[in-house]
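One structure is given below, encoded as C-alpha cells.
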C-alpha cells in the first residue's frame, strides 16, 4: 500500500497541538477551502472508537466518508481509518513528538489504496499524492498561524 508522510515543527506544546487536532471542527479551520470539508454531526472531541462522517469535494464530486479512531494515546498519537469512502483503503497516523526546545513535531503518516475500476485510472496514486501535498502545505501554514507561540 502506498505511504505518504509529512511533518511540521511548531513552537507549541505537544498537548496544545494534540488537543487542537482531536477536535473535528478544527480540521475545517485548517483545510483548504476548495476541499469543502464539512462534518456531519461530529463529536466535540475524538475518543477511541469514535466514528465521524464528513463530506469533501474532490475531483469534481462530493464524497461522503466515515472514519473511525482506532488508536488514541494522549498527547502522543492517534490513528484513524476509513470505514466507508471512495478509496479501497485509508489509514492516518498522527504522531506528536516533543522537541528539546519545548515545541512539537507533528508527523502524519497516511497509507492509502486508490479506488479500483475506471475511477482508479483517474484517481491514481500520483494524483492522490499531489492532492495530499497541496492539502498538507495549506494545513501546515494554518497550524503555524493558529498554534505557534509568539516570541
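Derivation of every value follows stated rules applied to the coordinates shown; laboratory data play no part. As the structure is a prediction and not an experimental result, all values here were calculated from the model. In this analysis, Cβ positions are derived from the backbone assuming ideal geometry, glycine residues included, and neighbour counts consider all displayed protein chains.
For the chain, averaging the sequence separation of C-alpha pairs within contact (under 8 Å, six or more residues apart) and dividing by the residue count gives a relative contact order of 28 percent. Using the alpha-carbon atoms, what tilt in degrees (0 to 90, nearest 10) does helix 125-147 show relative to the longest principal axis of the chain? The answer is roughly 30 degrees. What percentages make up the Cα-Cα pair-distance distribution of segment 18-91 when the bins are 5 Å wide from 0? With a bin width of 5 Å, the distribution comes to 3, 16, 25, 28, 19, 8, 2, 0.
Counting every other Cβ atom within 10 Å of each residue's Cβ, 40, 8, 106 order from fewest to most as 40, 8, 106. Length gained on full extension, residue 34 to residue 118, computed as 0.36 nm times the residue gap minus the Cα-Cα distance: 27.8 nm.
Dividing the alpha-carbon radius of gyration of the chain by the rule-of-thumb value 2.2 N^0.38 Å gives 1.03.
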